[in-house]
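Asker: Take a look at this one; I'll ask things after.
Derivation of every value follows stated rules applied to the coordinates shown; laboratory data play no part. Note that the structure is predicted; figures quoted are calculated from it, not measured. Reconstructed Cβ throughout: ideal geometry from the backbone, glycine too, with neighbour counts over all protein chains shown.
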Amino acid sequence: MNPKELDSTTFSALLGAVSDVSLTIGGDGIVEEVSTGQDMMATLGCQAWLGKAWIDTVTVESKKKIQELLAADKDPTDLTWRHVNHPTPAGNEAAIQYITVQLKDNKRLAVGRNLERLAELQRRLVETQQSVERDYLRLRHIEARYRVLFDTSSEAVIMVDASTQRVLEANVGAQALLKDAGKRLVGRDVRECFEGDSQGEVQSLLRMSLATGRIEMCSAKVAGLPSSWTVSATVFRQEGGAQFLVRLVTRET
C-alpha cells in the first residue's frame with residue numbers, strides 16, 4: 001500500500017486509533033488534523049495544535065528535529081524515529097517520538113509514540129526491583145537470625161523440607177535428643193522422630209504452618225521418651241522450595 005494514494009483524513013484517523021497520536025501536516029508545515037489513541041494524549045493539549053505550525057508546538061531544542069522531519073523524503077520502509085518535546089498546559093514537557101511519511105497533495109503524516117508511558121513503565125520497574133531487593137535483604141536478615149538460633153541454641157532445632165518432610169539439618173541439641181542408634185537423623189522423615197500417637201499432631205502442625213506462614217505449636221511425644229514436648233514450626237519460602245524450622249521448645253511435666 002502506498003500512503004501517497006490514501007486520503008489524509010482517513011489515513012490519519014486510522015493511525016490515530018493504533019498509535020498514540022497522528023498529525024496531518026500541510027505543505028506549509030501547519031497542523032491540519034490531530035488524532036489521538038489514548039486519553040493521556042488529550043491531557044497534553046494536542047487538539048490545541050490545530051492551525052498552528054508544527055514547529056511552534058515543540059520546545060526550542062526540538063525545532064531542528066521538526067525541520068528535519070518535514071524535510072525528509074525517505075522510502076516508507078526506511079523510517080527514522082525522532083524524539084521531540086512538547087510543552088504542556090501544566091507547564092511540563094511531554095516526550096513524543098515521531099516518524100513522518102509523505103502523503104498526496106504535498107502533505108505529511110506524522111505518527112507519534114508517547115514516551116511518557118514508557119518512562120512510567122520504567123519507573124514502575126525500578127520501584128518493583130527496589131521493593132524486591134528490600135524484601136530480599138529483609139529475608140536474608142531473618143534467615144541470619146534463625147541461623148544464629150540454629151547454631152547456638154541449646155534447644156533441639158531441625159530444618160525440614162516442606163515437600164518431603166525429611167530432615168535437612170539438625171543442631172547438636174536435636175542430634176542428642178532425637179538420635180536413633182539404627183538411623184541417621186538427617187534424611188529421616190521428621191514424623192519418625194515422634195511416637196506413633198503424636199505423628200498426626202506433628203503432621204497437622206506442619207500443614208498449619210505452611211498454610212498460615214505463622215509460628216504454630218503443638219504437643220508431641222518424642223520417640224523413645226516418656227514425656228511430651230512443646231513443638232513449634234516456622235516455614236521459610238525460598239526459590240528452591242519451602243522449609244520448616246522445627247524446635248522442641250520445652251519438655252512438659
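Asker: Need one number for the range 153-221: average projected area of the convex hull over its C-alpha atoms, nm². Could the numbers behind the result be given before it?
Answerer: Details: hull surface 18.9 nm².
About 4.7 nm², averaged over all directions.
Asker: Among all stretches of the chain without exposed trypsin sites (Lys or Arg not before Pro) (DSSP loop, at most 15 other Cβ atoms within 10 Å), which one is longest? Write out the running numbers ahead of the final one.
Answerer: Values: sites that count: Lys52, Lys74, Lys179, Arg184, Arg214.
The longest such stretch corresponds to 75-178.
Asker: Projected area of the range 54-156, taken from the Cα convex hull and averaged over every viewing direction, in nm²? Provide the component values of the computation, followed by the final result.
Answerer: Working: hull surface 48.9 nm².
Average projection, Cα convex hull of the range 54-156: 12.2 nm².
Asker: Here's something else I'd like to know. Could you give me the radius of gyration and the Dmax of the chain, taking only the C-alpha atoms into account and expressing both in angstrom?
Answerer: So, for the chain, Rg and Dmax equal 34.4, 99 Å respectively.
Asker: Would you mind checking the tilt of helix 8-18 against the longest principal axis of the Cα atoms of the chain, expressed as 0 to 90 degrees and rounded to 10?
Answerer: Approximately 10 degrees, to the nearest 10.
Asker: Using alpha carbons only, how many degrees (0 to 90, rounded to 10) separate the axis of helix 115-152 from the longest principal axis of the chain?
Answerer: 10
Asker: If you don't mind, there's one more thing I want to ask. Given a Förster distance of 51 Å, report the FRET efficiency between Ala242 and Asp56 from their Cβ-Cβ distance, rounded to the nearest 0.05.
Answerer: Working: r = 62 Å, r/R0 = 1.22.
Between Ala242 and Asp56 the formula returns 0.25.
Asker: Pairs on different chains or at least eight residues apart, Cα atoms closer than 22 Å: how many lysine pairs in the chain fit?
Answerer: 18
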